[in-house]
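See structure below.
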Amino acid sequence: MQKGNIGVTTENIFPVIKKFLYSDHEIFLREMVSNAVDATQKLKTLKEKGDFKGELGELKVTISLNTDAKTLTISDNGIGMTAEEIDKYINQIAFSGVNDFLDKYKDNANAIIGHFGLGFYSAFMVSDKVEIVTKSYKDGAQAVKWTCDGSPEFTIEDTNKEERGSDIILHIADDCKEFLEKSKIEQLLNKYCKFMAVPVAFGKKTEWKDGKQVDTDEDNIVNNVEPLWTRQPSELKDEDYKSFYRTLYPMQDEPLFWIHLNVDYPFNLTGILYFPRIHSNIDLQRNKIQLYSNQVFVTDQVEGIVPEFLTLLHGVIDSPDIPLNVSRSYLQSDANVKKISTYITKKVADRLSSIFKENRKEFEEKWDSLKIFIHYGMLAQDDFYDRAKDFALLKDIDDKYFTYNDYQTLIKDNQTDKDGNIIYLYATNRDEQYTYIEAAKAKGYSVLLMDGDLDTPLISRLEEKLEKTRFTRVDGDIIERLIQKDDAPKNELTADETDRLSEAFRSQLPTIDKANFYIDIESLGADGAPIVITQSEYMRRMKDISRFQSGMNFYAQMPDSYSMVLNADHRLVKQILTTTNEKTAEQLKPIESEIKGLEARLAVLRQEQSKKKTEEITDDERKDVTDTEKNIQEQRDKKKQIIADAVKDNSTIHQLIDIALLQNGMLKGQALNSFIKRSIDLI
């Protein structure tokens with residue numbers, strides 16, 4: 001028997017490993033099974049080269065539980081080890097100084113294993129003793145047993161073992177009893193070993209017999225040694241891809257499309273990426289891509305390898321160029337990883353382009369589900385925008401689809417304003433903006449439907465990219481001003497009439513939380529609507545974008561700003577003005593005269609003070625200005641009150657205001673109830 005100390009420079013390597021790998025302690029099984037698979041694959045390679053003359057037999061890795069003995073055993077019939085090889089590969093650890101170890105790797109369990117080659121020692125995260133019983137494939141090899149109780153001390157002794165290969169026997173520690181549960185081991189094997197390249201057996205297959213499930217003699221193989229991504233696309237059918245997707249994501253809807261990745265230069269990469277059906281929530285579907293290294297599961301946190309916008313995809317990526325114990329810092333710095341990311345972006349764009357060209361009808365049918373990926377990519381990466389702009393689509397209100405170039409050609413003649421800008425009109429809700437859509441269509445304008453999660457930021461991106469282009473929502477202004485061909489006609493009302501009409505409507509507006517209204521008067525023709533409510537395109541867009549961009553929350557807190565446009569040519573508006581004039585003319589005449597006199601005086605005072613330096617203006621002069629301003633405001637308040645009293649019972653004003661609010665979904669509660677009662681009375 002040989003005794004000795006494992007070649008490390010510290011006595012407490014195992015407590016350190018256990019402490020700092022504890023959050024990832026379940027990966028021990030991946031490490032153990034991966035080692036067993038490697039040992040098996042090495043034997044196959046030796047056989048292929050003629051360096052092993054014996055029979056391979058049935059190559060597999062077997063996982064065994066013994067709850068009575070509290071052991072978990074990982075067995076293989078691969079190359080095995082001699083006593084000398086155990087001493088070389090197990091006892092000598094490339095490890096120097098616990099302090100450096102703690103400082104550099106305390107936050108990254110995977111990096112610890114990967115950097116120091118400690119995969120085997122991850123067994124001590126869950127075990128208080130580990131045994132290796134192994135026999136080399138070499139002729140005449142002596143079977144040996146290695147034992148270690150979690151201290152640097154070990155023993156090696158000769159033992160009896162009939163077949164070549166290794167048994168790794170883990171004596172599970174009391175604080176890790178969950179790893180003696182069959183269901184837990186099944187879960188970990190399914191997560192980490194589902195597609196390993198050598199059959200992995202755990203227990204026996206069962207059958208229903210005499211009213212209960214009983215074990216058969218057949219091994220229960222838990223993995224698929226030839227997963228779909230390892231096969232050639234030419235030998236696969238659509239149903240193969242769909243079936244594999246159901247294996248990966250049993251509860252998901254059928255995918256839209258898939259992309260089979262297969263490259264061997266300048267790096268090795270295989271895999272299948274699926275475009276899932278996404279209904280609305282972006283974040284809900286992230287981290288569904290599984291990363292493998294030689295069919296061994298590594299992680300589903302693939303942000304460093306897959307471009308961010310493609311983390312919405314589902315599927316599998318397998319690359320031996322990415323180490324099994326990958327760390328985030330590695331992903332950020334490795335040149336191969338950056339090449340992989342660029343390659344995947346190009347491959348996705350090429351695949352989408354080919355689908356669009358080969359079957360545009362199918363592409364259009366799936367566009368509403370597909371566009372969130374494409375829009376995300378166009379917003380996130382300029383190089384993807386440049387690739388995608390030729391197959392990205394715009395959908396109009398009648399569900400017709402256009403490429404960017406096709407749509408620009410369609411609207412250029414009719415929707416170019418007097419300044420030469422092409423105006424893209426859009427709606428975000430067919431029903432809520434129906435009246436505005438119909439008004440635009442009546443003018444011969446085309447209206448896009450932009451109702452996706454990312455359409456608002458996309459609009460801003462398109463305005464940057466497309467020359468002399470502006471997007472305007474159909475309810476962003478009155479139809480005459482949405483695409484202004486000529487200078488707008490001016491209304492013929494006097495300043496006093498404009499003021500009275502504006503105040504008549506303003507005074508009767510209901511108070512709506514977080515909404516400000518501005519009254520505007522335009523000449524829109526006798527057949528135009530009497531009153532229209534519009535909302536500033538800029539402010540609405542800023543509020544929408546604030547949902548996506550941090551640092552713009554102040555826009556979300558601001559009240560909505562609406563413009564209430566009165567048509568000075570409409571008979572009802574004219575009638576209201578006439579009635580208001582008749583009721584208020586006598587009372588307002590002296591007040592309006594007084595206001596004009598005070599305003600003239602204020603203008604003179606300000607002009608005189610503008611000729612002086614600030615320090616030369618006396619207190620009396622300042623007081624004169626303040627008092628005049630105060631008197632003007634008092635007279636204006638009197639005027640407002642007189643107009644408000646005169647129109648408070650004018651049902652036509654209330655009805656017009658309520659109709660405009662109702663049209664915009666802003667008439668609710670008591671105001672809606674009053675409108676209904678008033679409408680019945682008018683009928």
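Could you compute how much accessible surface Ile259 exposes when probed at 1.4 Å, giving the result in Å² to the nearest 10?
My reading of the accessible area for Ile259 is about 0 Å².
Lys613: which lysines have alpha carbons under 22 Å from its alpha carbon, excluding same-chain residues fewer than 8 sequence positions away?
Straight-distance partners of Lys613: Lys623.
With the full set of protein chains in place, find how many percent of the accessible area of the chain is carbon and sulfur; take the probe as 1.4 Å.
Carbon plus sulfur share of accessible area: 45 percent.
From the square roots a ≥ b ≥ c of the eigenvalues of the alpha-carbon gyration tensor of the range 600-664, which class results: rounded (a/c under 1.5), prolate (a/b over b/c), or oblate?
Prolate, since a/c reaches 1.5 and a/b exceeds b/c.
Could you list the trypsin sites (Lys or Arg not before Pro) in the range 173-260 that lie in coil according to DSSP, counting only those with at most 12 other Cβ atoms within 10 Å of their Cβ?
Lys237
Take each of the peptides 148-154, 35-41, average the number of other beta-carbon atoms within 10 Å over its residues, and list them starting from the highest.
Highest mean packing first, the order is 35-41, 148-154.
In terms of Cα to Cα distance under 18 Å, which aspartates and glutamates are near enough to Lys612, apart from those fewer than 8 places away along the same chain?
Here the aspartates and glutamates satisfying the reach criterion relative to Lys612 are Asp620, Glu621, Asp624.
Would the chain count as rounded, prolate or oblate if I go by the C-alpha gyration tensor, calling it rounded below 1.5 in a/c and otherwise prolate when a/b exceeds b/c, oblate otherwise?
Prolate, since a/c reaches 1.5 and a/b exceeds b/c.
Can you give me the accessible area per residue for the chain, using a 1.4 Å probe, in Å²?
Heavy-atom SASA per residue in the chain reads 51 Å².
At 222 nm, what helix-only mean residue ellipticity would the chain give, in deg cm²/dmol to the nearest 500, using -39500 (n - 2.57) for each DSSP H run of four or more?
Rounded to the nearest 500, the figure is -13000 deg cm²/dmol.
DSSP loop GluC sites (Glu not before Pro) in the range 485-521 with at most 13 other Cβ atoms within 10 Å of their Cβ, which ones?
Glu492
Using Cα-only point scatterers and the Debye equation, what is log10 of I(q)/I(0) for the range 148-287 at each q in 0.11, 0.19, 0.22 Å⁻¹, rounded to two decimals?
-0.73, -1.27, -1.41
Could you tell me which of the pairs Lys389/Lys543; Lys44/Lys145; Lys47/Lys184 are separated by over 29 angstrom between their Cα atoms in the structure shown?
Listed pairs above 29 Å: Lys47/Lys184.
Which of the trypsin sites (Lys or Arg not before Pro) found in the range 35-95 are loop residues per DSSP with 14 or fewer other Cβ atoms within 10 Å of their Cβ?
Here the sparse-neighbourhood loop sites are Lys53.
On a 31 Å Cα-Cα criterion, which of the cross-link pairs Lys138/Lys338; Lys366/Lys418; Lys485/Lys574; Lys611/Lys640; Lys242/Lys400 come out too long?
In this structure, Lys138/Lys338; Lys366/Lys418; Lys611/Lys640 exceed 31 Å between Cα atoms.
Find the Rg to Rh ratio for the range 330-456, where Rh is the Kirkwood radius over alpha-carbon pairs and Rg uses the same atoms.
1.06
Quick check on my link table: of Lys129/Lys161; Lys237/Lys371; Lys182/Lys237, which ones sit more than 32 Å apart, alpha carbon to alpha carbon?
The answer is Lys182/Lys237.
Can you tell me what share of the DSSP beta bridges in the range 341-468 is antiparallel? A percent to the nearest 5 is fine.
Counting DSSP beta bridges with both partners in the range 341-468, the antiparallel share is about 60 percent.
The values are calculated or read from the model by the stated rules, or taken from the named source; none is laboratory data. In this text the structure is predicted, and so the values were computed from the model without any measurement. Cβ sites come from the backbone with ideal geometry, for glycine too, and all protein chains shown count toward neighbours. Note: accessible area is taken over every heavy atom of the protein model, side chains too, but ligands, DNA and RNA are not part of it. Shrake-Rupley method; radii C 1.70, N 1.55, O 1.52, S 1.80 Å.
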